[in-house]
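One structure is given here, and the rest of the page talks about it.
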There are 2 protein chains.
Amino acid sequence: MSFDDILPVPDFGLGWLDASGDHADVVLSTRVRLARNLQGHAFGPRARVNDREAVLRQVQQKIPRVPLLADAVVAEMPKLEERARRLLVERRMASRDMLGEPGRGPLRATAVLLGASAPVSVMVNEEDHLRMQTLFSGLRLRDAWSLIDRLDEELGQELPYAYHGEFGFLTSCPTNVGTGLRASVLMHLPGLVLTKEIGKVLQGLSQVGLTFRGLYGEGSEVVGNFFQVSNQTTLGKTEEDLVEHLERVVRQVIQYEMQARVVLLRDAAQVTEDKIWRAYGLLRYARSLSFEELMNLLSGVRLGVSLKLLPGLRVYTLNKLMIFSQPAHLEEAAGRSLPGTEGDAHRAAYVRRILATEGAVSPDDESSGAGPSMAG
Amino acid sequence: MSFDDILPVPDFGLGWLDASGDHADVVLSTRVRLARNLQGHAFGPRARVNDREAVLRQVQQKIPRVPLLADAVVAEMPKLEERARRLLVERRMASRDMLGEPGRGPLRATAVLLGASAPVSVMVNEEDHLRMQTLFSGLRLRDAWSLIDRLDEELGQELPYAYHGEFGFLTSCPTNVGTGLRASVLMHLPGLVLTKEIGKVLQGLSQVGLTFRGLYGEGSEVVGNFFQVSNQTTLGKTEEDLVEHLERVVRQVIQYEMQARVVLLRDAAQVTEDKIWRAYGLLRYARSLSFEELMNLLSGVRLGVSLKLLPGLRVYTLNKLMIFSQPAHLEEAAGRSLPGTEGDAHRAAYVRRILATEGAVSPDDESSGAGPSMAG
C-alpha cells in the first residue's frame, strides 16, 4: 500500500497549511486530540496482539456508521510501504512511535483512519486504543474542539468506551485520564527567543498547568523557534474549561511575542532586518540544507513576513516548505530514497524552486528600504 | 583639496579593475615599484622636515620635464582632506603609513604624484624619497616592469639618485637596497586554502626567495584568500631576473591552484557549490556587511565565477565591489562620514545595488544545475 492509495485527495491532511486561521503568522496550527479505550480489551503495554486485532476489527466494522469517518481511508501501518508510514508522521497524522523499532517495523494491528471530508484522523492501537485528532490552521481552538467533540460523540455511539464514574475516561497513561484531551497550539516565537524573554514565558506556562514541546510532540526538540503549547492536566476540569484556559494563555503569549517584536525593531532594527534577509538569501541560493537549518532559516523569514519586510511572500508558502521538505516527502517527490547528503541537496533544490515561483522578493524592495532605512 | 580635485579622470587608478590581464580570475593585479632616494638629503628616519621639503620641491620642479608625469596631479598629503587621503590608500596609490598618526595626520611634505595618462604613481617622502609604482590588471609583470623602468629612466634623467657602485640604489631599509624593486602579484587562492595545501605552497615561496602579504601590503592580514606574492630579495640580481623568477613561480602557483580546484570539484562538489551559492545569496540580500565578511563572501563568489557556476557575473564587477565598498569609498559616495554600523549598512546596500544591475544570477541557472547536478 503506497501513499497514493491512502491519500485519494492530493492535499489530504494539509488543509491546516493554508494560513487562514487567527494570528496565522504566529500560530501555525491548532490540534485537539482525545484518547479513548474500549471496554473488554487490555490497553496500553498490557494489550496483546489479539487485543489489538480485536480492537481494530471492531473499529473497522463500525466506521461505516460514523458519519465523520464514513468515507475514511483505513491505513494499516504494517501494510503500508515504509516511506508512506513516514509520510503520515511528517503530515502529523501518525506518531513517531507508530513507526515501531528500526528494522522491525510497526506493531501488528496499528492503523490510522484518515477522514476524507473533514480534517479528522484516528490512530488505532497507538498508546491508547483510539487517539482521535483534528488539525486546523491558525488559532482555532473552539472549532477544533467542537469538531473532535462531534467525532467523539459519533464514535461513542458505536463503540463501548472504557469509562470510570469518578475518574472519567480511562487511558493507558495516568496523565491522560479524565477528559483524555490534549489541545495544543503550534506557536512561532522568534521575538521572545531573540529578546531572551522565552525562558520566563515557558516557566509561566508550567505555573498555569500548561506545557510545551517541539514540532513533533513529546520528546522532540524545539527547532526554528516553534513551540507546541498544550494543556498538562486532563483531570478535574471540563473539556471546555481546558480549551478556554489554553486559548486565554495562548492569546497572552501572542501579546508577549508581539511586544517582543516591537522591542526588537526598536532596539535592534538593523541586526533583525539583516538576519531576516540573510535567511531569505540562503534559502534562495543554498545548494544543501539540513532540515534543522531549513527550520531555522524559515523562522527568520517567517518573522520577516510577519513584520511585512518580505511583502511578496505568503505564510502559506512557508508552511508548505516546512512540510514538503521533510525527508520522506522529498523521497516521495524524487520517487526513490535519498541517502547521505542527497536529501539535503533535494531539500535545497525544492526550496529554491518554490521560492522562485511563489516567493520572489526583490533584494531591494522599497518597503524594506535599501540599507539603513529601519536602522535610520 | 578634495578627492575630486586630485582625480580629474573619474576612474583614475582603477584601470587594473578591468580584469583584462592574463589569468585575471586568479591574479587580480600586478604591481611593480621601485624605491629611490636623492643625493644630498638624509633619507629614512634621519630625514628632517627641511630634507623632505627640499626633496618635494626638487621633484615638483622637475616633473614637467618627465614625460610620464607631465600631466600628473600632485596630491600633497597634508593639504588633502582626511577622507581623500584614505581614498588614496584604498585605491592602493598611497601607503597606510602615509596617513600618519591618528589625530596628528600625515608628515609634512609627503605627497603622491598621480599620472593621469599612464597607470603610474609616485609616493614622495614615504619610507624612501621616491617610491614609484605601476598597477596592472591580471598577470602582466613584463608590461608593468617595462613601464616602471621607463619612468625610472625618465626620472633618473632629472633627479640625482643615491647610488652606490657596489650595492646599487641606496634605500632607507637595507632589504630594498640594490634594485629597490618589489614586484608583487595579488593572487586569489581559495582552492589551495580549501584543500589545505596553502601552507605548503607558502612555505615553498620562501624557499625560492619570495614572500607573501595581505591585501594592503606589509603587516596587513590575509582576508578573502587573497595573497600578495612578491620578491623578498632585491640585491645581487638584475631587475629582469627578479621579475622573470617571480613570473615563473606565480605561473606555477596558478597551476597548483587550478589543480586544487579540480580536486575540490571531484571530492567536494556539493559542499563547494553550496559554499559559492550561499556566499552569493548573502551578498544579494544581507543588510549589513563588514569589509572582512564581504571579502570572504567575494572570495566564494569569485571562485564560482572562475568555475563558471555564476555565468551572469563578471570578474570586473567583483573587483569593483572590493574597491568601492572600502570605508572611505562608501563615505565618499554617501557624502558624509558613516560612524558605527552605518558603514556596514551602506556597504551591504552598495553590494546589493551593483549585483542587482551587473550580477543578477538566477538561483537555478541551468548551467549550475538545480540541486544535485554536480554532486551526481
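The values are calculated or read from the model by the stated rules, or taken from the named source; none is laboratory data. The structure displayed is predicted, hence computed values, not measured ones. Using ideal geometry, Cβ is built from the backbone for each residue, glycine included, and neighbour counts are taken over all protein chains shown. SASA here: full protein model, heavy atoms, side chains in, ligands and nucleic acids out. Shrake-Rupley method; radii C 1.70, N 1.55, O 1.52, S 1.80 Å.
A few notes on this one:
- One residue stands out among those in the range B:42-59 that are of a type outside the set (D, E, K, R) and modelled with pLDDT of 95 or more: the one that is nearest to B:Arg251 (Cα to Cα), which is B:Val59.
- Filter result for the condition that a residue is in contact with a Phe, Trp or Tyr (Cβ under 7 Å, 6 or more places away or on another chain) and assigned to a helix (DSSP H, G or I), over B:Leu68, B:Leu135, B:Leu87, B:Leu56: B:Leu87
- Qualifying positions in the range A:280-307 - open to solvent by 10 Å² or more (accessible area, probe 1.4 Å), aliphatic (A, V, I, L, M) and closer than 23 Å to A:His23 by Cβ: A:Leu297, A:Val305, A:Leu307
- Within the range B:319-354, the set of residues being touching a residue at least 40 places away in the same chain (Cβ under 8 Å), open to solvent by 30 Å² or more (accessible area, probe 1.4 Å), facing another protein chain (nearest Cβ under 9 Å) and of a type in the set (D, E, K, R) comprises B:Asp344 only.
- Of all residues making up the range B:171-213, the number that are buried (at least 17 other Cβ atoms within 10 Å of the Cβ), under 16 Å from B:Val250 (Cα atoms) and small (Gly, Ala, Ser): 3
- Scan of the range B:180-204 for residues that are in a helix (DSSP H, G or I), of a type in the set (A, V, I, L, M, F, W, C) and in contact with a helix residue (DSSP H, G or I) (Cβ under 7 Å, 6 or more places away or on another chain), ordered by number: B:Leu192, B:Leu194, B:Ile198, B:Val201
- In the range A:98-156, the residues that are out of contact with any Pro (no Cβ under 6 Å at 6 or more places or on another chain) and among the polar types (S, T, N, Q): A:Thr110, A:Ser117, A:Ser121, A:Asn125, A:Gln133, A:Ser137, A:Ser146
- Subset tally (residues that are among the charged types (D, E, K, R) and either in contact (Cβ under 8 Å) with a residue 60 or more places away in the chain or open to solvent by less than 30 Å² (accessible area, probe 1.4 Å) (or both)) for the range A:86-133: 8
- Residue within the range A:73-85 that is under 20 Å from A:Asn37 (Cβ atoms) and either among the β-branched types (Val, Ile, Thr) or open to solvent by 50 Å² or more (accessible area, probe 1.4 Å) (or both) present: yes
- Subset of the range A:315-338 (residues that are under 15 Å from A:Arg353 (Cα atoms) and of a type in the set (D, E, K, R)): A:Lys320
- Total residues in the range B:138-179 satisfying the condition of being within 17 Å of B:Asp128 (Cα to Cα) and in a strand (DSSP E or B): the figure is 6.
- Looking only at the range A:355-364, and only at residues there that are surrounded by fewer than 17 Cβ atoms within 10 Å (Cβ to Cβ) and more than 7 Å from chain B (Cβ to nearest Cβ), the one that is nearest to the chain's Cα centre (by Cα): A:Glu358
- Residue within the range B:38-58 that is open to solvent by 40 Å² or more (accessible area, probe 1.4 Å), in contact (Cβ under 8 Å) with a residue 40 or more places away in the chain, farther than 20 Å from B:Leu181 by Cβ and of a type in the set (A, V, I, L, M) present: yes
- Meets criteria (within 30 Å of A:Leu202 (Cα to Cα), in contact (Cβ under 8 Å) with a residue 12 or more places away in the chain and surrounded by fewer than 23 Cβ atoms within 10 Å (Cβ to Cβ)) for A:Tyr256: yes
- Taken as a whole, the condition of being assigned by TED's automatic domain parsing to the domain that holds B:Val351, open to solvent by less than 10 Å² (accessible area, probe 1.4 Å) and under 25 Å from B:Phe212 (Cβ atoms) does not apply to B:Leu310.
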